[in-house]
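Everything on this sheet refers to the single structure shown next.
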Amino acid sequence: MSKTRVAVLVSGGGTNLQALIDYEKSNNANYEIVIVISNNKQAYALQRAKQNEIETAVISRKDLQISQKEWEEKIINKLEEKNIELIVLAGFMSILSEKFTSKYPNKIVNVHPSLIPAFCGKGYYGLKVHEEVLKAGVKVTGATVHFVNEIPDGGKIIAQKAVEVKENDTPETLQKRVMEEAEWKILPEAVNEICKK
Ligand code: GAR
């Protein structure tokens, strides 16, 4: 069976990208990461891709000084050039417009570091999510993998995993636990399952 051709979109450290790479290598995965696209040329995720001989592209709206529409068109051109069948947002910190998301219904997957619908939507990303979780004093948080539509963090939920919040957590210790116990597991498993179909 041929493997589903996946593009991973990143902005930062790329530990979720690493989890996808490691899963692909150690399992007979149903997917193949064909390209890693970053909106930030400094993203360490690009080094991770290169170390694993995966093609990379940097498409930065800021560097290119282009509109959202032009930026999205450049990404679409790259996805089409590579015959991409599934797009995975793994720590991708830009919001894609409805014009983009409506082109790929049920073909874009995102990982979010909370139990949606809590602590999500516009302004909730990265460490900020964990800061808000600690401020609210909730005892359980987690991660969610979902399809991406025009509503930020509002698409159909695919997988979730709960993680305990501990008494003396800082945003950093909580982020690490959520990644280790939830994100790095449910993201590759969910992507693999989707790519089976
Ligand atoms: C991850 O925790 C991811 O869930 C989150 O940013 C971090 C990226 O880490 N994404 C969002 O907040 C998106 N709204 P990584 O670059 O090491 O994968």
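Each value in this text was obtained by applying a stated rule to the coordinates, not by laboratory testing. Keep in mind that what you see is a predicted model, and the values were worked out from it rather than measured. Don't worry about glycine lacking a Cβ; one is built from the backbone with ideal geometry, like all the others, and counts go over all protein chains shown.
Whose amide H sits under 5 Å from the amide H of Val88, counting only residues 5 or more places off or on another chain, with H placed in the peptide plane?
Ala7, Val8, Leu9, Val109
Compute the distance in nm between two label points, each set 7 Å from the Cα along the Cα-to-Cβ direction, one at Thr170 and one at Lys135.
Result for the modelled spin labels: 1.9 nm.
Let me spell out the model: positive unit charges on the Cβ of Lys and Arg, negative unit charges on the Cβ of Asp and Glu, origin at the Cα centre of the range 88-163. What dipole size does that give, in debye rounded to 20?
100
For Ser38, enumerate residues with amide H under 5 Å from its amide H, sequence gap 5+ or separate chain, H modeled in the peptide plane.
Val10, Ala57, Val58, Ile59
Quickly estimate the mean residue ellipticity at 222 nm for the chain, helices only: each DSSP H run with n ≥ 4 gives -39500 (n - 2.57), and the total goes over all residues, rounded to 500.
That comes out to -10500 deg cm²/dmol.
Given N residues in the range 80-197, what is Rg(Cα) / (2.2 N^0.38 Å)?
So the range 80-197 has a normalised radius of gyration of 1.07.
Placing unit charges on C-beta atoms (Lys and Arg positive, Asp and Glu negative, everything else neutral), compute the dipole magnitude of the chain about its Cα centre in debye, rounded to 20.
Dipole magnitude for the chain comes out near 220 debye.
From the phi angles alone, apply the Karplus equation (6.51, -1.76, 1.60; θ = phi - 60°) to the range 5-11 and give each ³J(HN,Hα) in whole Hz, x where the residue is Gly or Pro.
Working through the residues one at a time gives 7, 10, 10, 10, 9, 9, 9 Hz.
Could you work out the relative contact order of the range 108-181? I mean the mean sequence separation of Cα pairs under 8 Å and 6+ apart, divided by the number of residues, in percent.
35
Roughly how many nanometres apart are two label points built 7 Å out from the Cα toward the Cβ at Val58 and Glu80?
Roughly 2.6 nm, to one decimal.
What is the ratio of the Cα radius of gyration of the range 30-82 to 2.2 N^0.38 Å, where N is its residue count, to two decimals?
1.19
Determine the dipole magnitude for the range 1-118: charges of +1 sit on the beta-carbon of Lys and Arg, -1 on that of Asp and Glu, nothing else is charged, the reference point is the Cα centre, and the result goes in debye to the nearest 20.
140
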